[in-house]
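Before any comments, here is the structure.
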Amino acid sequence: MAEDASAVVIFVDVRGFTKWAEANEVFINLDNFIGGFLGILRRRFAEESYHLKPLGDGALLLRELPVAQSNREMTALLARILLTIARVEKEFNRHCTDFANRVGHSSELRLGWGIVRGKVLRVGDDWAGHNLNKCSRLCGEARPFGIVIDRDDFPELPRDARGLVEQVRKLRGIGDTPVWVTAEIASQFVPRERLRETPEVHIAGTCFTEDKDQKIRLLLARRSLDRELFPGKLEGCGGQLRYSETFADGLKRHFRSEMNIDVEVLEDLHCLYEIREPGSPIIPGIRFLCKKVGDNSPYSSNHSSLIWVQESEFRTMPSQSFVGNLKQELIDLLDRYRRSAH
């Protein structure tokens, strides 16, 4: 009987393995070579409790996850994965050198990796589902060697990640997929029909409720003090817009995943903003007013606190308490809401 599970999935294989084996006629030693490679994977990924399934000259690695994972937890997980991959590749290079010395044939081989996160189907001791198929396709994109990571699953890179580039790859049977890729892959020729511009666009929203006397309360989130940008400042909710996602759908997704609530996006009540950081590209954004719907209580693991504030109190709060020009932008949107409601 199949059961759903949330997991991080990794595919890895040895690039050019079949052609290398045929050219060097080392078939009698192949089991020994692959056995050594799988041994490296088992040792390095054992600490993270990964299931390992050998697949010819590669392997599937899968680790089950709790259903609810914050962006911070996902970024920390990706950091550990990248560190483990770096250690595997270092040992794999030594393994290739040792093998070449034993059999007398050059074995300068490299590894390709694909990484996704999401739902999988557990069928007995095996696994299936869309995310395994996608991960396999991403691994196939890792040519001539390197790492391809689903960017929807891991929207933020660890601070110490180096050399990963944003791209959109067109996967057979799946379509355009936002990814992070290592430099070896990013620098390879990509046919014109597969090239896509990938500007980063942000969306943001501030949630409010209104009682029968038309008194408004605003939901504000305080950023943690350890955040690199705007520590301790008040904000709403939002983040990156996914490829082929409407503004409203993207904002609803962020409120559900980050604050555990559903909202109605008032699409006519919006304003534009920009995120500017020294040495970084300008990121355009669009901000909306949103009405809370449903009975869920707001909760966020990405903020130090969530507070409901009466509109009258909000208007007296210092502008410096908010991210950027958020206070004035909200005042303008609230005034427009008042005018449209009367």
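Read the figures in this text as sums done on the coordinates, not as results from a lab. In this text, all values refer to a predicted model and were calculated from it rather than measured experimentally. Neighbour counts are summed over all protein chains in view; Cβ atoms, including those assigned to glycine, are modelled from backbone coordinates with ideal geometry.
Computed quantities for the displayed model
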| quantity | calculated |
| --- | --- |
| Residue of Val309, Val14, Val179 that the Gaussian network model of the chain assigns the largest fluctuation, springs spanning Cα pairs under 10 Å | Val309 |
| GNM result for the chain, Cα springs below 10 Å: residue of Asp125, Asp57, Asp152 fluctuating most strongly | Asp125 |
| Fewest-first sequence of Thr206, Thr177 by Cβ atoms within 10 Å of each Cβ | Thr177, Thr206 |
| Net charge of Cβ neighbours under 14 Å - reference Glu156; Lys, Arg +1; Asp, Glu -1 | -3 |
| C-alpha center-to-center spacing [the range 273-342, the range 29-62] in angstrom | 49 Å |
| Proximal charge balance of Val9 [Cβ under 9 Å; K/R count +1, D/E count -1] | +3 |
| Fluctuation leader among Asp126, Asp153, Asp249 - the chain, Gaussian network, Cα springs under 10 angstrom | Asp126 |
| Out-of-range pairs (alpha-carbon distance over 29 Å; input Lys291/Lys327; Lys53/Lys119; Lys134/Lys233; Lys233/Lys292; Lys53/Lys90) | Lys134/Lys233 |
| Added length on full extension, which subtracts the Cα-Cα distance from 0.36 nm per residue, Ser6 to Arg253 | 87.1 nm |
| Mean ellipticity per residue at 222 nm, deg cm²/dmol - from DSSP H runs of n ≥ 4 across the chain, formula -39500 (n - 2.57) | -10000 deg cm²/dmol |
| Ordering of 76-82, 224-230 by packing [mean C-beta count within 10 Å, highest first] | 76-82, 224-230 |
